[in-house]
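Single-structure report; data block below.
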Amino acid sequence: MGRNIQHMPYGYEPSAPERKGTLIVYDSFERTTDEELNAAAEAARDMKFAKLVLYPLHEETVRRMSKEPASSYYKREDRLHEWKRDYGASYITVENLEGKRKKYTPIDSALRHLTERYPAPHFLYLTPDMANQFASFSTFEEWIRKIRLLLSKAPREIHPRLQKFSHRWSVAGEEEENG
């Protein structure tokens with residue numbers, strides 16, 4: 001077996017990767033429009049994330065979290081794959097953990113899977129309602145120390161825990177303006 005030898009000048013340091021980290025969109029995608037998906041993809045591109053992971057929730061998870069009905073998981077997943085093809089970006093992934101499990105998946109299990117599988121730092125892209133719901137869980141304080149939140153728009157009402165950790169989240173449009 002031959003060796004591929006490369007010569008580097010003394011003191012050479014490889015350049016740091018321009019893109020890093022993962023932006024995870026955790027949502028049911030039941031009422032999500034193409035414009036909202038485009039906004040998430042543009043936020044990932046503008047903030048130079050290496051990956052944009054779309055994580056559709058199983059209908060059983062949606063039912064337990066929001067008490068609202070949801071169409072079947074595979075219909076929503078197919079719609080995301082169709083949008084991804086139309087958008088044409090290679091850094092977008094549709095995660096199918098809940099499709100494999102075919103049942104309720106707690107947010108802790110989902111986040112553990114996502115943080116182990118995709119490169120850090122991890123940002124969770126949420127709607128204001130989903131962020132308030134996430135903040136109501138007992139494990140929120142443990143997770144907010146490991147990940148940051150990026151909200152799709154400014155919330156009208158803020159959960160007390162979300163208020164307490166206001167330094168760990170921002171609104172998508174404001175991040176680029178201030179950064």
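Just so it is clear, none of the values below were taken in a lab; they were calculated from the coordinates. Please read all numbers here as calculations on a predicted model, not as lab measurements. Cβ sites come from the backbone with ideal geometry, for glycine too, and all protein chains shown count toward neighbours.
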Q) Of all strands (runs of 3 or more DSSP E) completely enclosed by region 20-119, which ones contain at least 1 residues that are among the aromatic types (Phe, Trp, Tyr) and closer than 25 Å to ALA135 by Cβ? A) 22-27, 51-56
Q: Could you tell me whether ALA131 is within 17 Å of TRP169 (Cα to Cα) and out of contact with any strand residue (DSSP E or B) (no Cβ under 7 Å at 6 or more places or on another chain)?
A: no
Q. What are the residues in region 42-64 that are surrounded by fewer than 21 Cβ atoms within 10 Å (Cβ to Cβ) and under 16 Å from SER152 (Cα atoms), if any?
A. GLU42, ARG45, ASP46, MET47
Q | Test for SER71: is it among the hydroxyl-bearing types (Ser, Thr, Tyr), surrounded by fewer than 16 Cβ atoms within 10 Å (Cβ to Cβ) and in contact (Cβ under 8 Å) with a residue 12 or more places away in the chain | A | yes
Q) From the set of residues in region 114-128 that are buried (at least 16 other Cβ atoms within 10 Å of the Cβ) and free of Cβ contacts under 8 Å to residues at least 60 places away in the same chain, which is farthest from ILE158 (Cα to Cα)? A) THR115
Q.
Looking at GLU59, GLU30 in this structure, which one is touching a residue at least 12 places away in the same chain (Cβ under 8 Å), touching a Lys or Arg at 6+ places or on another chain (Cβ under 8 Å) and farther than 23 Å from GLU116 by Cβ?
A. GLU30
Q. Looking at this structure, is ILE92 β-branched (Val, Ile, Thr), crowded, with 20+ Cβ neighbours inside 10 Å and in contact with a strand residue (DSSP E or B) (Cβ under 7 Å, 6 or more places away or on another chain)?
A. yes
